[in-house]
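This report refers to the structure that appears directly beneath it.
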Amino acid sequence: MKVMTPHYYKDFRCIAGACTDTCCAGWDVDVDKNSYKYYKTVKGAFGKRLKSVMVPSQDGECTFTLKEGGRCPFLNDDNLCDLYIELGEDKLCETCAEFPRFINDYGNIREIGIAPSCKTAGELMFSYKDELTFDTVEDNSLTPEPNDIDAYTYMHLRQARIVAFGIISDRDISIFERLMLYLNYAKRIQKHLDAERDELIAGVAKRFCGADYREELLDRLKSRDEKLHGKRFCGPDYREKLLDKLKSRDTVLPDKLQDGDIVKSKPEVHKSYGTRLIKGLRHFFDDFKGMEVINPDWNIHVARVRQFLDGLADDSGLAAVMKTYHAGSEAFAHEYEQLAMYYVYRYMLDAVNDYDVLLKAKNAVIGILAVDIMAAANHASGCTPDFTMRVDIAHLYSRQFEHSYYNYEVYREYFGTKRCYSYEFLMDALVSLN
């Protein structure tokens, strides 16, 4: 097999007991079948300790019964693993051996990376200054597993992802402009996937390779700013046509709008439209029934976000505050680029399994918007989001939404059904915050 990794992957080292947020607490430990089978054979006092905490599941695996505070039963007071110490590294279950790594297999190609849910991995990712490249080596010890991947779809998506990497790493434009292009790119690919015309994906990828095409498209995408901020209402012809439409619905309005007039008969309409982005972004941080909180620090940042958004009068105020925050820090653009590359690398090719590449793009845009809003909220509260805090925010978000099966599935459904996660809304948000 060929094994592919981000260039910084080779520098990752677990810092074990020195970690400020151990990966051995806060979530369930799922033990794979082979490890469970071995653990049941361990003798002596440690074997008894193992058997006392293993809870079998119907699929032949098991979980460990957690201690108070959600800590793994083998995590000792020095934040080191007793199971590792007693049995050795090679006896760790797959979950413990791999984290924070992720592994995606596509036929004879294995892709490995690290997630920002680990602070050490996040620091490595955010501090990488070069445009991200990937290393590929052959590993003859690995054997490809049988799969149901459509080779034709996979080939087109793999080529399309190369173009996506180029879009995200284009430092001649802002990171939000890159995300606009990526989101639109995914939408166009999704159209062909839905129509089962995979052969047309190559044409989309080819067009997006052209700098002139991307520049022209970006101008069109940014023109949504007129819709977002209501600039079209400056035109008397537009207002007259709109007034006719509103009257046809028996809306109580003045007979004629004069330049500079404000419609006061329905103030709630203006207010609702004026805070559309604020309400949508706030939904990212709303609780839902059964939501898991992996790390209590998440609640601290969410409270700051809610206070921040609640203190803004309208979307134009949000845009102004965000642009001021962005102007005061150049680091965020570089860090968001690496975060976006992570999302594209980890998730985009998974569309070969569910044929939903637009969902993967939404996942990237929403993740970066959420991290950005959290950082800005901390800044507004007087807590300067330095490098350490920015890494911490990304790590909390990743843990909350990438490492909770329940949270991930709920939000996966939200991303596909709720208007505040629609393509149109996310594009408006990117335009507004750019």
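Exactly one residue among R188, R171, R158 is of a type in the set (K, R), open to solvent by 10 Å² or more (accessible area, probe 1.4 Å), out of contact with any His (no Cβ under 6 Å at 6 or more places or on another chain) and under 14 Å from L349 (Cα atoms), and that residue is R158. On inspection, I103 does not qualify as under 28 Å from V293 (Cβ atoms), surrounded by 20 or more Cβ atoms within 10 Å (Cβ to Cβ) and β-branched (V, I, T).
Can A164 be described as crowded, with 20+ Cβ neighbours inside 10 Å, farther than 20 Å from S398 by Cα and among the small types (G, A, S)? Give the derivation first.
Details: crowded, with 20+ Cβ neighbours inside 10 Å: yes; farther than 20 Å from S398 by Cα: yes; among the small types (G, A, S): yes.
Yes.
With respect to (1) at pLDDT below 95; (2) within 14 Å of the chain's Cα centre (by Cα), the lone exception for M348 is condition (1). Of V410, V391, V431, all but one fail to be open to solvent by less than 40 Å² (accessible area, probe 1.4 Å), of a type in the set (A, V, I, L, M) and under 16 Å from C23 (Cβ atoms); the exception is V391.
Annotation for region 301-308: no member residue is open to solvent by 20 Å² or more (accessible area, probe 1.4 Å) and within 19 Å of M427 (Cα to Cα). Of the numbered criteria (1) over 27 Å from R110 (Cα atoms); (2) free of Cβ contacts under 8 Å to residues at least 60 places away in the same chain, the one L359 fails is (1). Taken across region 53-67, residues that are among the charged types (D, E, K, R) and either touching a residue at least 40 places away in the same chain (Cβ under 8 Å) or under 30 Å from T133 (Cα atoms) (or both) do not occur at all. Among the residues of region 311-351, the ones that are in a helix (DSSP H, G or I), free of Cβ contacts under 8 Å to residues at least 12 places away in the same chain and open to solvent by 50 Å² or more (accessible area, probe 1.4 Å) come to 3 in all. Residues that are open to solvent by 70 Å² or more (accessible area, probe 1.4 Å), modelled with pLDDT of 90 or more and not aromatic (F, W, Y) do not occur anywhere in region 22-29.
Find the strands (runs of 3 or more DSSP E) located wholly in region 1-93 whose residues include 2 or more that are closer than 20 Å to N295 by Cβ and touching a strand residue (DSSP E or B) at 6+ places or on another chain (Cβ under 9 Å), and list them. Talk me through it step by step, then tell me what you get.
Working: elements: 2-6, 54-56, 62-64.
Where strands (runs of 3 or more DSSP E) fall fully within region 1-93 and carry at least 2 residues being closer than 20 Å to N295 by Cβ and touching a strand residue (DSSP E or B) at 6+ places or on another chain (Cβ under 9 Å), they are 62-64.
Take the conditions (1) touching a helix residue (DSSP H, G or I) at 6+ places or on another chain (Cβ under 9 Å); (2) under 20 Å from A18 (Cβ atoms); P73 misses just one of them, which is (2). Filtering region 274-315 to residues that are polar (S, T, N, Q) and modelled with pLDDT of 90 or more leaves N299, Q307. On inspection, E111 does not qualify as of a type in the set (D, E, K, R) and farther than 27 Å from L359 by Cβ. Just one of (1) small (G, A, S); (2) at pLDDT 85 or above; (3) more than 26 Å from R346 (Cβ to Cβ) fails for G69. It is (2). Quick one: L50 ticks every box in (1) open to solvent by less than 80 Å² (accessible area, probe 1.4 Å); (2) closer than 29 Å to E123 by Cβ except a single one, so which number is it? The one condition L50 does not meet is (2). Only one of the numbered conditions (1) open to solvent by less than 10 Å² (accessible area, probe 1.4 Å); (2) in a loop (DSSP other than H, G, I, E, B); (3) under 25 Å from D428 (Cβ atoms) is violated by L183, and that is (2).
The values are calculated or read from the model by the stated rules, or taken from the named source; none is laboratory data. Note that this is a predicted model, so its numbers are computed, not measured. Don't worry about glycine lacking a Cβ; one is built from the backbone with ideal geometry, like all the others, and counts go over all protein chains shown. Heads up: the accessible areas ignore ligands, DNA and RNA and are worked out on the full protein's heavy atoms, side chains in. Shrake-Rupley method; radii C 1.70, N 1.55, O 1.52, S 1.80 Å.
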